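The values are calculated or read from the model by the stated rules, or taken from the named source; none is laboratory data. Since the structure is predicted, the reported quantities are computational estimates derived from the model, not experimental observations. All Cβ positions, glycine included, derive from the backbone under ideal geometry; neighbour counts span all protein chains shown. For accessibility, only protein heavy atoms count, side chains too; no ligands or nucleic acids. Shrake-Rupley method; radii C 1.70, N 1.55, O 1.52, S 1.80 Å.
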Amino acid sequence: MSHKEDNEGKRSPHFTDLYASIPKTCLPIVYHPDYNITFMGLEKLHPFDAGKWGKVIHFLKEEQFISDGSIVEAREATEEDLLVVHTRRYLNRLKWSVVVATITEIPPLLFLPNFLVQRKVLRPLRTQTGGTIMAGKLAVDRGWAINVGGGFHHCSSDKGGGFCAYADITLTIKFLFERVEGISRATIIDLDAHQGNGHERDFLDDRRVFIMDMYNRYIYPGDGYAKRAIKRKVELDWGTEDSEYLQKVELHSEGALNEIRPDIIVYNAGTDILDGDPLGGLSISPQGIIKRDEIVFRAAKRRGIPILMVTSGGYQKKTARIIADSILNLHRQGLIGSEAVEGEGSSSLVTHMMCSSGSAGSKFTAV
């Protein structure tokens, strides 16, 4: 069954909570404690640090860059939200624990009742997916946004894999195309260590989306069919180090944005490029990752193009600290704004309530 057939009859956008207005008192940084996966230690059977997102927030709070009251609380994507991209058949397959165990590469999940798998594994991923969609709209409104989770670039409309159960990048772009006036072209800059075959399959024949993908050519997924969607392909060798890597990031991100000027950039900022990562196979230093993110944000700001960053893969305990340090560097460099401060007369409690409600007056592969 094709996506078109599966969603036949849907002519106008459905109602969604994910596009509720966000007050200016909130920074366009999206997170929810539900992002973190903790389930009887089973999450430790995959090399992914399933609590890294909360650690990033902890470090940013320690540095007093954010508070509970200044960040946007993500909402879980509903089935109707997910059907904007996913087939109903695929979503129904996620009701089988064996399917989720295969996608997440945590084999013991197949022995658990699906209601537990839904609550403890898939709901966190749906919440991160909702966070990416929310951050897409925020990026257009504010010029930039960061979802502290997301970046599930191995999932397409009808197939998951590599710890990616929902196609948050595709969903975010489709939401913007359907709902936000003036957004008709998007560029994906995918700098995770792995090829982003999910969004590539989804946008294979869509000329509105320009994909730049820079990845280790020798590792998962090696999806030759999906590679046909890549407009600017940069394949790296084992052990690529900072100097060569950063030169290529600058050359190709500038080249991609010069080739076609998009209305939004979705930046998949995986940290599995870090030296020593068990799955990435590259040798980039923490400082190299921080500089990489600065290069991409600087290219976007120079052109006045809104940018959304998602954090994607990264499989070492120290990656959370590096992500936080990179966000702090972006702020120091003036590449992400500090416009979201408490308004006159508003208490931190009121601000927290507003950011949480999302409305000022309404409602072993890898990532």
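Here are some notes:
- The chain shape via C-alpha gyration tensor axes, a/c threshold 1.5: rounded
- The residues of the chain expose on average 40 square angstrom of accessible surface per residue, using a 1.4 Å probe on protein heavy atoms.
- Computed over the range 123-271, the alpha-carbon pair-distance distribution with 5 angstrom bins reads 2, 10, 20, 24, 22, 15, 7, 2, 0, each value a whole percent.
- Per-residue packing, averaged as other Cβ atoms within 10 Å, sorts the ranges 211-221, 135-145 into the order 135-145, 211-221, beginning with the highest.
- When peptides 113-121, 79-87 are ranked by their average number of other Cβ atoms within 10 Å per residue, the highest-first order is 79-87, 113-121.
- Beyond 23 Å in Cα-Cα separation lie the following of the pairs LYS55/LYS291; LYS248/LYS318; LYS159/LYS291; LYS61/LYS248: LYS248/LYS318; LYS159/LYS291; LYS61/LYS248.
- Put a dot 7 Å past the Cα of ARG228, heading toward its Cβ, do the same for LYS317, and the two dots end up 4.6 nm apart.
- Inter-label distance, ARG261 to TRP96: 4.9 nm, where each label sits 7 Å from its Cα along the C-beta direction.
- Cβ-derived FRET efficiency at R0 30 Å, TRP238 paired with ILE295, nearest 0.05: 0.85
- Length released on extending from ASP275 to LYS61, taking residue separation times 0.36 nm less the Cα-Cα span: 74.4 nm
- Nonpolar atom fraction for the chain, defined as the carbon and sulfur part of the 1.4 Å probe accessible area, stands at 51 percent.
- One Cα centroid belongs to the range 144-165, the other to the range 66-91; the line between them spans 11 Å.
- Cα-based shape type of the range 197-270, given that a ≥ b ≥ c are square roots of the gyration tensor eigenvalues and the cut on a/c is 1.5: oblate
- Label-point gap, in nm, between ALA20 and ASP141 - each point 7 angstrom along Cα→Cβ: 1.2 nm
- Residue-averaged 222 nm ellipticity for the chain, from DSSP H runs of 4+ at -39500 (n - 2.57), nearest 500: -11000 deg cm²/dmol
- If R0 equals 51 Å, the separation of the Cβ atoms of ARG302 and PHE111 corresponds to a calculated FRET efficiency of about 0.45.
- Highest to lowest packing among 231-240, 179-188, scored as the average C-beta count within 10 Å: 179-188, 231-240
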